[in-house]
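J.: One structure, as structure tokens, below. Some questions next.
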Amino acid sequence: MFLRLAMFLGFVLIIVGAFLTWSDNPPFSENGVERTSGLFALIAAVGAGGIALVDRRPRGAIIAISASALVLIAAVVELLDISSGSGDPGFGLYLAVAGACLATAASGLLAFSLFKKPAATPPPGPLPAGGEGE
């Protein structure tokens, strides 16, 4: 339950970050949805977040891992691109990176817990007094 909530929070942070400022280059500034990476982040977060919340099977967690990792890569590349230019990264970009980190970690842990095999159960009781060969 906690991992699904953390994953949902991560996707919400990505969605909110996509509508906030990603590049601040006075007198101009761009929101995330005005950039290709921000629009991709918004679409991926809405789509994968919805699938992951509805689908309780491991497939939903794998989709969430894939989408959040791609959003993380796109946002970090955008952050490096903006930082190396003349502009300053905006708060929305940092929020999207943080949300993608949270969603990737939570969905990875969720997938791990869904794929984890149960431990082998011990025999029901003590063996009879004579051993196995008798």
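J.: Please count how many residues of the stretch 50-89 are within 16 Å of LEU109 (Cβ to Cβ), surrounded by 15 or more Cβ atoms within 10 Å (Cβ to Cβ) and not hydrophobic (A, V, I, L, M, F, W, C).
T.: The number of residues fulfilling the criteria is 2.
J.: For the stretch 39-52, does any single residue satisfy the condition of being free of Cβ contacts under 8 Å to residues at least 24 places away in the same chain and in contact with a Gly (Cβ under 7 Å, 6 or more places away or on another chain)?
T.: There is at least one residue in the stretch 39-52 that is free of Cβ contacts under 8 Å to residues at least 24 places away in the same chain and in contact with a Gly (Cβ under 7 Å, 6 or more places away or on another chain).
J.: Just wondering, is there one or more residues in the stretch 61-69 that are among the hydroxyl-bearing types (Ser, Thr, Tyr), in contact with a Ser or Thr (Cβ under 6 Å, 6 or more places away or on another chain) and not in a helix (DSSP H, G or I)?
T.: No, the stretch 61-69 contains no residue that is among the hydroxyl-bearing types (Ser, Thr, Tyr), in contact with a Ser or Thr (Cβ under 6 Å, 6 or more places away or on another chain) and not in a helix (DSSP H, G or I).
J.: Further question on the same structure: State all residues of the stretch 90-102 that are surrounded by 19 or more Cβ atoms within 10 Å (Cβ to Cβ) and under 12 Å from ASP24 (Cβ atoms); if no residue qualifies, say none.
T.: Within the stretch 90-102, GLY90, GLY92, LEU93 meet the criteria.
J.: Out of the residues in the stretch 85-119 meeting the condition of being hydroxyl-bearing (Ser, Thr, Tyr) and modelled with pLDDT of 90 or more, tell me which one is farthest from the chain's Cα centre (by Cα).
T.: Among those that are hydroxyl-bearing (Ser, Thr, Tyr) and modelled with pLDDT of 90 or more, it is TYR94.
J.: Could you please tell me which pairs satisfy a Cβ distance under 9 Å, a separation of 6+ or placement on different chains, a first residue in the stretch 15-32 that is closer than 11 Å to ILE82 by Cα, and a second residue that is among the basic types (Lys, Arg) and buried (at least 18 other Cβ atoms within 10 Å of the Cβ)?
T.: The qualifying pairs are TRP22/ARG35; SER23/ARG35.
J.: Which one of these is of a type in the set (Lys, Arg) and within 17 Å of the chain's Cα centre (by Cα): ARG35, ARG57?
T.: The unique qualifying residue is ARG57.
J.: Still on this structure, please answer the following. Scan the stretch 37-50 and give yes if some residue there is among the polar types (S, T, N, Q) and farther than 14 Å from ALA100 by Cα, otherwise no. Lay out the reasoning, then the answer.
T.: Residues of the stretch 37-50 among the polar types (S, T, N, Q): 37.
Those left that are additionally farther than 14 Å from ALA100 by Cα: none.
No, the stretch 37-50 contains no residue that is among the polar types (S, T, N, Q) and farther than 14 Å from ALA100 by Cα.
J.: Cβ contacts < 8 Å: first residue at positive phi, restricted to the stretch 93-108; second residue part of a helix (DSSP H, G or I) and among the aromatic types (Phe, Trp, Tyr), any location; separation 6+ or different chain. Result?
T.: Between residues of the stretch 93-108 that are at positive phi and residues that are part of a helix (DSSP H, G or I) and among the aromatic types (Phe, Trp, Tyr), there is no close pair.
J.: Oh, and also: Just to be sure, is ALA44 within 14 Å of LEU110 (Cβ to Cβ), of a type outside the set (D, E, K, R) and either touching a Cys at 6+ places or on another chain (Cβ under 8 Å) or surrounded by 13 or more Cβ atoms within 10 Å (Cβ to Cβ) (or both)?
T.: no
J.: Looking only at the stretch 9-31, which residues are under 16 Å from VAL71 (Cβ atoms), in contact with a strand residue (DSSP E or B) (Cβ under 7 Å, 6 or more places away or on another chain) and surrounded by 21 or more Cβ atoms within 10 Å (Cβ to Cβ)?
T.: Within the stretch 9-31, just TRP22 meets the criteria.
The values are calculated or read from the model by the stated rules, or taken from the named source; none is laboratory data. Note that the structure is a prediction, hence the values are computed from the model and not measured. Note: ideal-geometry Cβ built from the backbone for every residue, glycine included; neighbour counts use all protein chains shown.
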